[in-house]
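Following: one structure in C-alpha cells, then a few remarks.
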Amino acid sequence: MWWVMSHDTPSQSRFGRPRFISRRDHLLAGIDALAIELEEAGEATASGRAPISARADYLRARDAHHRAAIAWMGATTREELTVVSDALRQCRIALDSSRALMKR
C-alpha cells in the first residue's frame, strides 16, 4: 500500500494518518520508471549487434510508453486511466520481450 505522511506543523511530533496516492499519481510514477528503463534499453538495442527483433520490440515499447504519457495528460475518468494502464502494460511486455531477445 502506498501512503505518505501528512504535512504536520513542526510542533506536532506524530505521524499523520496514511493517505493513499491516487491512481493517476501511481500511473505517473509508472510512466517515469519505464522512461528510465526505456533509456537503458535504447542504448542496448542501438548497436548493430542487437537482433532486429529486439530493436523492434524496443520501438514497440517506446511507442506504448508515448501513448501512455499522452493519454495520462488528459485522463480524468476511470476509463481514461484504464487506457493509460493498458498502454503501460503493453510497454512493459514489449520491453521484457526486447530484453529476453538481447540475452540470446
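Selection of the range 75-101 for residues being of a type in the set (A, V, I, L, M) and not in a helix (DSSP H, G or I) yields only A75. The set of residues in the range 21-55 being outside any helix (DSSP H, G or I) and of a type in the set (A, V, I, L, M) consists of I21, A46, A50. For the range 83-104, filtering for residues that are over 10 Å from the mean Cα position of the chain (by Cα) and over 15 Å from A71 (Cβ atoms) leaves 12. One residue stands out among those in the range 49-85 that are in contact with a Lys or Arg (Cβ under 9 Å, 6 or more places away or on another chain) and surrounded by fewer than 15 Cβ atoms within 10 Å (Cβ to Cβ): the one that is farthest from L28 (Cα to Cα), which is P51.
We did not get these values from a lab; they are worked out from the coordinates using the rules stated. Small disclaimer: the values here were computed from a predicted structure and weren't measured. Neighbour counts run over all protein chains shown; Cβ positions are idealised from the backbone, glycine included.
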